[in-house]
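Each reported figure results from applying straightforward, stated rules to the coordinates on display, with no laboratory input. Here the structure is a predicted model, which is why all the values come from computation and not from measurement. When we count neighbours, we look across all protein chains shown, and the Cβ atoms used for this are built from the backbone with ideal geometry, even at glycine.
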Amino acid sequence: ETGVTQTPRHLVMGMTNKKSLKCEQHLGHNAMYWYKQSAKKPLELMFVYNFKEQTENNSVPSRFSPECPNSSHLFLHLHTLQPEDSALYLCASSQDRADGPQHFGDGTRLSIL
Amino acid sequence: AQSVTQLGSHVSVSEGALVLLRCNYSSSVPPYLFWYVQYPNQGLQLLLKYTTGATLVKGINGFEAEFKKSETSFHLTKPSAHMSDAAEYFCAVSDAPGGSYIPTFGRGTSLIVHP
């Protein structure tokens with residue numbers, strides 16, 4: 001039990017589909033993050049939310065649309081993705097303090113056909 | 001701005017041998033430092049962290065790391081490798097109070113353990 005739950009664990013979709021990734025934490029954290037992890041590439045920070053407000057968007061293409069309705073839930077809406085978007089998408093949460101470690105979910109393995 | 005360098009994308013050791021994974025950082029303020037481990041098909045898990053106080057930090061699974069300010073390093077060690085230690089290891093840095101709470105991660109080091 002990591003405290004951060006991601007669903008689904010695996011997702012296969014065509015380039016014209018629309019799907020959503022879900023992340024949920026019950027650790028009382030107020031910051032939530034989306035990361036992209038591709039093979040042979042470093043961990044890429046995509047978005048950061050703090051108290052439901054987006055504070056970071058690292059030049060992510062608009063085909064990725066995040067949503068944070070409350071401090072416990074985070075979504076990543078996907079539409080018209082490209083093959084290069086196939087990757088492991090990790091959600092994390094933390095306190096908004098530099099000494100607070102991040103807690104990660106087990107990720108969603110996304111494959112774009 | 002902060003950055004992390006992990007020397008060696010792969011480290012290979014024999015079971016029972018010393019594990020040494022290197023991490024160097026740069027930060028404009030005193031850093032907070034972290035090591036995470038990622039097993040296949042899982043997310044990252046915290047191994048240990050340094051914030052203040054004792055510079056030798058002990059973590060889970062027999063790992064430890066030493067903060068050396070003069071060398072801007074935070075290398076991870078374990079005296080005796082076990083097969084179950086095979087995983088990806090990430091070093092991360094965030095700024096002490098006044099700086100960003102969002103950590104910067106290194107590129108990761110894959111630890112391979114041979115029988």
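Here are a few things to note about the model shown:
- Cβ-placed point charges (K, R +1; D, E -1), dipole of the protein assembly as shown about Cα centre in debye, nearest 20: 300
- Distance between the modelled labels on A:ARG109 and A:LYS18, one decimal in nanometres: 2.8 nm (7 Å Cα→Cβ projection).
- Positive-end ranking of A:LEU43, A:HIS79, A:PRO69 along the dipole of chain A, with charges on Cβ about the Cα centre, is headed by A:HIS79.
- Value of Rg/Rh across segment B:12-63 [Cα atoms, Kirkwood radius]: 1.00
- Calculated SAXS-style log₁₀ I(q)/I(0) at q = 0.12, 0.13 Å⁻¹ - segment A:21-112, Debye, Cα scatterers: -0.34, -0.40
- Cysteines not pairable in chain A (beta carbon separation under 4.7 Å absent): A:CYS68
- Farthest positive-ward along chain B dipole, Cα basis, beta-carbon charges - from B:SER84, B:VAL11, B:SER26: B:SER26
- Sequence-distant lysines (8 or more away, or on other chains) whose Cα lies within less than 29 Å of A:LYS22: A:LYS36, A:LYS40, A:LYS41, A:LYS52, B:LYS49
- Percentage, to the nearest whole number, of Cα pairs in chain B over 21 Å apart: 32
- Zero-based 5 Å bins, Cα pair distances in the protein assembly as shown, whole percents: 1, 7, 14, 18, 18, 16, 12, 8, 4, 1, 0
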